[in-house]
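Supplied in structure tokens, the structure appears directly below.
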Amino acid sequence: ASPKPNILVTRRLPETIEARMATLFETHVNEGDVTLTGDDIVEGLDGKDVLVCSITDRIDAELIARLPKSVRLIAQFGNGVDNIDIEAAWAAGLTVTNTPSVLTEDTADMAMMLMLALPRRLVEGTQMLVRDGVWAGWSPTSMLGHRLRGKALGIVGMGRIGTAVAQRAKAFGLNIHYFSRNRRPPGVEDPLEATYWHDLDAMIEAVDIISLHTPHTRETFHILSADRLKRMRPGSFVVNVSRPELVDEAAMLHEIECGHLSGAALDVFENRNGIDARLLALAEANKVVLTAHMASATLEARIEMGETVIVNIRAFMDGHQPPHRVLPESRHGRPSPA
Ligand code: 8YV
């Protein structure tokens, strides 16, 4: 029998996944579960075939150039691959895989939860009860929020997750609008009755909520720019369970602080030097709802993500195309030039 593939796993994974990996592969897991340095990754990969990494690992061109020649596959534990310099990986002859689909529904649930949490004052309601003496009891005019039904939702990126969000939002009575590289079958054929916009600026002016569901690439960096945030309807708000880089965060905070936007519900935000004090102040003022990058954080999704990583590694090491190979066209929406 051919020798077992040799793999380095940069973070702890669910027990069942680690156990299965240990039976199938020569597996080295970073037991400390603290993000490895580039040097740790290069050293840890000595003589190994596969790097299993996730969002907290920065796999840039400089690191890729230093990887031992034995490494042939980068198997991302996650859907987004923006922590990896994909072009540099391809140029170095490496295959990159990810774990799409299995986290779609859980991520969409989270987007819906955040979308409701802001106008229905979920966090504020809880805080009021748990802080001694703040709740004066029920009154007809206390804790009034705003109805979601009938509002227009603008989805940026109608892929798997965006579509799953649209399905939920449709059931909550929202009108669905979207800006995306792929257009759905129009009109009566579309159960979501979704309105397609080829002009993002125009869509932004027509909706009450913007929810972001596009990968972070060079093209989508700050897709919700300062100018577009200004164009948003007064009182509208942003939902982001995708990547912080999609939004000009400082500009968004400004639009909330000056009262133009009603707020934001964010599972992702810039936190390079700790979370921005302005963001925390807005959360304290209940203009912003924050969760800790946990949109796909269910045990079920994490196990299925791990299973997907295993399937990708086995296919690759058996000489087949791994089912979830990251392809040029999946990144730019068009085939790569011949
Ligand atoms: C994960 C995610 O928490 O898959 C993604 O792109 O953002 C989340 O599901 C994380 O990326 C795991 O690496």
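On alpha-carbon atoms, Rg over Rh for the stretch 101-201 using Kirkwood Rh?
Values: Rg = 17.1 Å, Rh = 15.5 Å.
So for the stretch 101-201, dividing Rg by the Kirkwood Rh gives 1.10.
Here's another thing I want to ask about it. Suppose R0 equals 25 Å. What FRET efficiency, 1/(1 + (r/R0)^6) with r the Cβ-Cβ distance, do Arg149 and Glu300 give to the nearest 0.05?
Working: r = 30 Å, r/R0 = 1.18.
The value I calculate is 0.25.
Still on this structure: Once label points are set 7 Å from the Cα along Cα→Cβ at both Asp39 and Arg231, what is their separation, rounded to one decimal in nm?
Between Asp39 and Arg231, the label points sit 4.8 nm apart.
I need the calculated FRET efficiency for the pair Asn182 and Ala206, taking r as the beta carbon distance and R₀ as 25 Å, to the nearest 0.05. It would help to have the intermediate numbers written out before the result.
Working: r = 20 Å, r/R0 = 0.80.
The pair Asn182/Ala206 has a calculated efficiency of 0.80.
GNM, the chain, Cα, under 10 Å: largest mean-square fluctuation among Gln127, Gln76, Gln167?
Checking each option, the largest mean-square fluctuation is seen for Gln127.
Please report, in cubic angstrom per residue, the volume enclosed by the convex hull of the alpha-carbon atoms of the chain. Don't skip to the answer; put the middle values down first.
Numbers: hull volume 56.5 nm³, N = 338.
Here the figure is 167 Å³ per residue.
Relative to the longest principal axis of the C-alpha atoms of the chain, give the angle of the C-alpha long axis of helix 299-317, reported between 0 and 90° and rounded to the nearest 10°.
Roughly 30 degrees, rounded to the nearest 10.
Taking only the alpha-carbon atoms of the stretch 104-290, what semi-axes of the equivalent ellipsoid follow from 5 times the gyration tensor eigenvalues under a square root, in whole Å, largest first? Display every interim value, and only then the final one.
Details: eigenvalues 150, 82, 42 Å².
Value: 27, 20, 14 Å, ordered largest first.
Going by alpha carbons, how many degrees (0 to 90, nearest 10) lie between the helix axis of 15-24 and the longest principal axis of the chain?
Helix 15-24 sits at roughly 20 degrees to that axis.
Still on this structure, I have one more. Based solely on its DSSP helices, what 222 nm [θ] is calculated for the chain when runs of n ≥ 4 H residues each add -39,500 (n - 2.57) and the sum is averaged over all residues, nearest 500 deg cm²/dmol?
Details: 13 runs with 116 residues, N = 338.
Computed mean residue ellipticity for the chain: -9500 deg cm²/dmol.
In addition: Considering the Cα trace of the stretch 215-320, what is its radius of gyration and what is Dmax, both in angstroms?
Computed over the Cα atoms of the stretch 215-320, radius of gyration and Dmax are 17.6, 58 Å.
Let me ask something additional. Between 0 and 90 degrees, rounded to the nearest ten: what's the tilt of helix 104-117 against the longest Cα principal axis of the chain?
Around 30 degrees separate the two axes.
Check each of the trypsin sites (Lys or Arg not before Pro) in the stretch 53-83 and keep only those in coil by DSSP with at most 16 other C-beta atoms within 10 angstrom; list them in order.
Numbers: sites: Arg58, Arg66, Lys69, Arg72; in loops: Arg58, Lys69, Arg72.
Answer by residue number: Arg58, Lys69.
Could you give each residue of the stretch 42-58 its phi-based ³J(HN,Hα) in whole Hz, using Karplus coefficients 6.51, -1.76, 1.60 with θ = phi - 60°, and x for Gly or Pro?
Whole-Hz 3J(HN,Hα) from phi for the stretch 42-58: 4, 5, x, 8, 3, x, 9, 9, 9, 9, 9, 10, 8, 4, 7, 9, 8.
Rule-based calculations on the coordinates, nothing more; no lab input. Everything quoted here is computed from the prediction, not taken from an experiment. With ideal geometry, Cβ positions are generated from the backbone for all residues, glycine too; neighbour counts draw on all protein chains shown.
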